[in-house]
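Have a look at the structure below, then the notes.
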Amino acid sequence: MSCIFCQIAAGEIASDIVYRDEQVVAFRDLNPQAPTHILIIPIQHIENLADASEEQAALLGHCNLVAAQIAQAEGIAEDGYRLVTNVGAAAGQSVDHLHFHLLGGRRMHWPPG
Ligand code: AMP
C-alpha cells in the first residue's frame, strides 16, 4: 500500500487522529496553515473529487458533515472556518487521496492564493 493517507487510515503511519468512524478518518495536518488545520478523508481510496462517482455521494456528504461536527468540537464553528479540497496539480493537490482541509482559528482571505 503506497498511499500515505491509506496508511494513516490503516494505522500503519502515526498521525494525530481527532475523529474516526467506519467511513472516515480525520487527523491534524503535519504542516498546519491555520491554528486549526485538520484533514478529513474517506477510508476508501478515492484519488480526488473528480474521481468520485454518484455511488459515493453519501460518503462525500458524510465527510462534509463530519467536518462541521469537528469544527464544533474544535471551537471554530462560531467564528467561522473554511473547508476546501484541492483537485489536481494546478490546485496544489500533493496527496492523491481525497481529503478535505478544515481550516480555522484565524481570519481567512479571499480570493485564496
Ligand atoms: P494537498 O496539498 O491539498 O494535497 O494537501 C495535502 C496535505 O497533507 C498537506 O497540507 C500536507 O501538509 C498534509 N500531509 C502530508 N503528509 C501528512 C502526514 N503524514 N500527516 C498529516 N498531514 C500530512
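The values are calculated or read from the model by the stated rules, or taken from the named source; none is laboratory data. Just so we're clear, the structure is a prediction, and the values are computed from it rather than from any experiment. Here Cβ is always computed from backbone atoms with ideal geometry, including for glycine, and neighbour counts include all displayed protein chains. Side chains are part of the model used for accessible areas, which takes the heavy atoms of the whole protein and leaves out ligands, DNA and RNA. Shrake-Rupley method; radii C 1.70, N 1.55, O 1.52, S 1.80 Å.
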* For residue 76, indicate whether it is surrounded by 17 or more Cβ atoms within 10 Å (Cβ to Cβ), in contact (Cβ under 8 Å) with a residue 40 or more places away in the chain, of a type outside the set (S, T, N, Q) and touching a Gly at 6+ places or on another chain (Cβ under 9 Å). => yes
* Among the candidates 38, 17, which residue alone is in contact with a strand residue (DSSP E or B) (Cβ under 7 Å, 6 or more places away or on another chain), of a type outside the set (Gly, Ala, Ser) and in contact (Cβ under 8 Å) with a residue 12 or more places away in the chain? -> 38
* To do: Out of the residues in the stretch 42-59 that are out of contact with any strand residue (DSSP E or B) (no Cβ under 8 Å at 6 or more places or on another chain) and assigned to a helix (DSSP H, G or I), state the one that is least open to solvent (accessible area, probe 1.4 Å).
  => 57
* Can you find a residue in the stretch 50-64 that is modelled with pLDDT under 95 and over 22 Å from residue 92 (Cα atoms)? -> no
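Inside the stretch 60-72, can you point out the residues that are without any contact (Cβ under 8 Å) to a residue 24 or more places away in the chain and either under 18 Å from residue 28 (Cβ atoms) or open to solvent by 50 Å² or more (accessible area, probe 1.4 Å) (or both)?
Step one: list which residues in the stretch 60-72 are without any contact (Cβ under 8 Å) to a residue 24 or more places away in the chain, which gives 60-61, 65, 68, 72.
Selection gives 65, 68, 72.
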* To do: Answer with yes or no whether residue 102 is among the hydrophobic types (A, V, I, L, M, F, W, C) and either free of Cβ contacts under 8 Å to residues at least 24 places away in the same chain or open to solvent by 50 Å² or more (accessible area, probe 1.4 Å) (or both).
  => no
* Asked: When residues of the stretch 31-41 are filtered for being farther than 15 Å from residue 7 by Cα and either among the aliphatic types (A, V, I, L, M) or surrounded by 14 or more Cβ atoms within 10 Å (Cβ to Cβ) (or both), how many remain?
  -> 4
* Subset of the stretch 13-46 that is within 11 Å of the ligand (Cβ to nearest atom) and of a type in the set (Asp, Glu) - its residue that is nearest to residue 91 (Cα to Cα) -> 29
